[in-house]
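Trainee: Please see the structure below; I have some questions.
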Ligand SMILES: Cc1cc2nc3c(=O)[nH]c(=O)nc-3n(C[C@H](O)[C@H](O)[C@H](O)COP(=O)(O)OP(=O)(O)OC[C@H]3O[C@@H](n4cnc5c(N)ncnc54)[C@H](O)[C@@H]3O)c2cc1C
């Protein structure tokens with residue numbers, strides 16, 4: 001069936017076809033709290049002696065990939081692992097600052113696995129799978145034990161227990177942290193486990209190597225085509241299963257808090273080979289980032305959400321008030337989050353805090369250059385706790401802020417504004433984390449994850465490590481046990497599927513190198529990013545999405561006509577890498593806008609201006625949209641096929657989210 005997103009009779013790129021519903025057949029029935037135990041018990045096992053006969057490719061060495069590679073190798077599988085950076089430990093995960101959630105309840109403040117489950121389903125605005133989220137909450141406690149055993153230096157209290165702090169959308173203190181470097185410390189733990197296996201010869205590490213295509217043989221993922229970034233050499237690597245742990249696609253917006261190299265190529269090329277892409281329009285905008293300072297900026301900087309534990313957010317009560325913050329008396333300030341959401345105050349979830357910041361700036365009450373900022377003020381915290389205590393908690397973040405803005409946040413409130421930060425959408429996976437291509441798994445931010453339409457802070461690290469250390473190592477074995485052979489050694493090098501994938505990669509690189517245009521890949525990326533930010537960012541309207549859907553195919557055509565990539569393919573060529581990634585963004589962006597256009601409800605980070613309550617809050621439409629949208633690729637520029645996965649809520653009843 002062909003459906004039209006928005007107004008009927010519009011050009012073809014606003015159309016999509018509807019396919020059969022997709023369902024997760026891997027999660028067992030029965031009480032949600034027992035499903036993971038049952039699944040593990042029912043999973044077929046690979047005899048330890050037989051594991052060394054299996055090869056697994058893991059693309060990515062962030063928290064998800066490093067933990068998966070290390071654990072699979074420890075189990076006895078032969079692992080081929082890839083990353084584009086010079087060292088596995090330079091993955092984007094290293095940037096994570098604030099912390100990792102776990103339902104340990106060390107504080108005895110009412111936390112439990114059930115509460116973490118509840119908070120996550122509600123925080124995701126009831127667009128995540130209950131069975132996955134419950135499993136995540138269960139595993140959260142094991143993650144902390146595993147990391148402590150590895151020596152991850154979590155912050156501790158005087159009594160010796162691990163310390164915790166609060167993140168948005170919850171009323172307990174369950175976020176474990178290592179100062180403002182939690183991702184770095186966790187990654188060092190996973191990296192050291194991976195290094196042990198590299199040294200043991202169980203993991204063959206390929207740094208500076210970028211996966212550019214997936215090899216599918218007889219309907220199963222059997223390998224990848226990758227380019228050595230230093231020599232330009234294109235190679236095929238074969239395996240019994242392929243795991244993508246390649247992170248999120250936030251950089252499609254050009255300006256984001258993600259590492260500059262993070263990109264969508266691996267998951268997008270897998271999508272083109274048959275893996276459904278779920279909820280591409282569910283992107284997260286983080287409320288506390290350093291505001292943009294000019295047109296030539298190429299990166300935005302996050303100020304961790306943990307700062308909202310002690311910092312108070314405010315703007316002048318009156319529009320157009322340009323007095324410096326110290327000159328605005330208390331009575332003339334609006335601590336708008338505390339006023340609007342007294343129960344959660346400054347710790348409302350990210351989507352709500354971001355929209356509120358946008359609204360006060362739209363009212364003319366924003367601060368700083370262009371009025372695109374709100375204050376995050378530590379004066380009360382410093383008065384209450386003392387400067388040293390504040391420094392002990394957030395010192396490195398304050399230092400980073402001062403280096404970038406030349407303002408001292410101990411004396412002057414920080415200025416912050418929302419920015420793109422995380423993508424809840426990604427490759428559709430079943431309960432076993434397998435995509436719709438048998439043998440292809442996706443973990444960490446690369447999959448469409450457990451966070452529904454909005455991720456709670458400190459839950460991405462939890463999910464990445466749950467996937468890599470605990471879930472994938474159990475479910476991948478089941479797949480391998482049930483799909484024996486043919487062995488990798490039995491696949492001829494000139495298999496037509498391999499030759500076709502290598503041709504597709506080389507052909508695309510050749511097309512990029514031979515286009516003798518006049519525009520840099522960056523100029524296209526910047527234009528695309530601005531369009532997405534304007535029309536598919538914090539607020540989305542039918543008219544805006546339509547405009548974007550008309551412009552993106554034009555921009556894509558212009559790209560192939562006018563892009564200029566200097567240098568050659570047979571050496572290090574960062575312009576070529578960039579152009580290749582931008583070519584994928586130009587396809588992904590269209591799917592994001594189509595997904596956003598077809599979902600005429602608001603939920604979580606997806607705010608359709610046509611669907612809001614009288615108070616300006618997101619209005620969900622559970623009747624029509626309680627599903628995950630899993631998109632199937634057809635051919636370039638042709639309407640994709642939508643497969644709906646209905647979401648059932650047996651344990652957490654969907655309600656209008658309230659944080660008041
Ligand atoms: C500034 C910042 C702070 C954050 N702070 C927190 C926090 O405090 N708590 C929290 O829970 N979350 C936080 N997040 C989110 C979290 O950091 C990420 O979601 C998470 O680290 C993603 O991990 P990952 O393993 O899935 O992917 P990544 O860490 O992004 O790793 C991707 C890996 O894949 C490789 N790769 C990608 N494509 C290819 C390819 N084509 N070929 C070969 N290799 C490839 C890369 O080299 C890399 O090794 C933060 C995010 C940002 C941007």
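Read-outs throughout are calculated quantities, based only on the coordinates presented, and are distinct from any laboratory measurement. Note that the structure is a prediction, hence the values are computed from the model and not measured. Reconstructed Cβ throughout: ideal geometry from the backbone, glycine too, with neighbour counts over all protein chains shown.
Trainee: If you count, for each residue, the other Cβ atoms within 10 Å and average over each peptide, how do 36-43, 78-85, 384-391 line up from highest to lowest?
Mentor: Working: 36-43: 14.9, 78-85: 23.9, 384-391: 13.2.
So the peptides 36-43, 78-85, 384-391, ranked by packing, come out 78-85, 36-43, 384-391.
Trainee: Let me ask you something else. Only Cα pairs under 8 Å and at least 6 apart count here; give the relative contact order of the stretch 494-622 as a rounded whole percent. Show your work: numbers first, answer last.
Mentor: Values: 155 pairs, mean separation 38.7, N = 129.
The value is 30 percent.
Trainee: Hey, another quick one. If I take R0 = 35 Å and measure r between the Cβ atoms of residue 514 and residue 363 in this structure, what FRET efficiency does the formula 1/(1 + (r/R0)^6) give, to the nearest 0.05? All intermediate terms of the calculation are to be shown ahead of the outcome.
Mentor: Numbers: r = 51 Å, r/R0 = 1.45.
So the FRET efficiency works out to roughly 0.10.
Trainee: Can you give the extra length, in nm with one decimal, that the chain gains between residue 403 and residue 86 once fully stretched, where that is 0.36 nm per residue apart less the Cα-Cα distance? Mind dumping the intermediate values first?
Mentor: On the way: separation 317, 0.36 × 317 = 114.12 nm, distance 2.66 nm.
Taking 0.36 nm per residue and subtracting the Cα distance, the gain is 111.5 nm.
Trainee: Averaging sequence separations of C-alpha pairs under 8 Å and six or more residues apart, then dividing by the length of the chain, give the relative contact order as a whole percent.
Mentor: Details: 1448 pairs, mean separation 139.3, N = 660.
So the answer I get is 21 percent.
Trainee: Run the numbers for residue 558 and residue 25: contour at 0.36 nm per residue of separation, minus the present Cα-Cα distance, in nm. Don't skip to the end; give the middle numbers.
Mentor: Details: separation 533, 0.36 × 533 = 191.88 nm, distance 4.26 nm.
Net length gain for the segment: 187.6 nm.
Trainee: What 222 nm value per residue comes from the helices of the chain, counting each DSSP H run with n ≥ 4 as -39,500 (n - 2.57) and dividing by all residues, nearest 500 deg cm²/dmol? Walk me through the intermediate numbers first.
Mentor: Values: 18 runs with 229 residues, N = 660.
After summing the helix terms and dividing by the residues of the chain, the value is -11000 deg cm²/dmol.
Trainee: Okay, moving on. How tilted is helix 521-536 with respect to the longest principal axis of the chain? Cα atoms for both, answer in degrees (0 to 90, nearest 10).
Mentor: Value to nearest ten degrees: 60.
Trainee: Just order 500-507, 420-427 by mean Cβ neighbour count inside 10 Å, highest at the front, would you? It would help to have the intermediate numbers written out before the result.
Mentor: Values: 500-507: 16.0, 420-427: 28.9.
Put in order of decreasing packing, that is 420-427, 500-507.
Trainee: I need the calculated FRET efficiency for the pair residue 614 and residue 481, taking r as the beta carbon distance and R₀ as 60 Å, to the nearest 0.05.
Mentor: Working: r = 55 Å, r/R0 = 0.92.
The calculated FRET efficiency here is 0.60.
Trainee: Still on this model: Between residue 651 and residue 506, how many nm apart are label points set 7 Å from Cα along the C-beta direction?
Mentor: My value for the distance between the label points is 5.2 nm.
Trainee: Using per-residue counts of other Cβ atoms within 10 Å, averaged over each peptide, order 100-113, 556-569 from highest down.
Mentor: 100-113, 556-569
Trainee: Oh, and also: Which percent, to the nearest 5, of DSSP beta bridges fully inside the chain are antiparallel?
Mentor: Numbers: 49 of 70 bridges.
Rounded to the nearest five, the antiparallel share is 70 percent.
Trainee: Using Cβ contacts closer than 10 Å as the measure, can you line up 362, 584, 450, 334 from fewest to most?
Mentor: Details: 362 11, 584 22, 450 26, 334 18.
Ascending number of Cβ neighbours within 10 Å: 362, 334, 584, 450.
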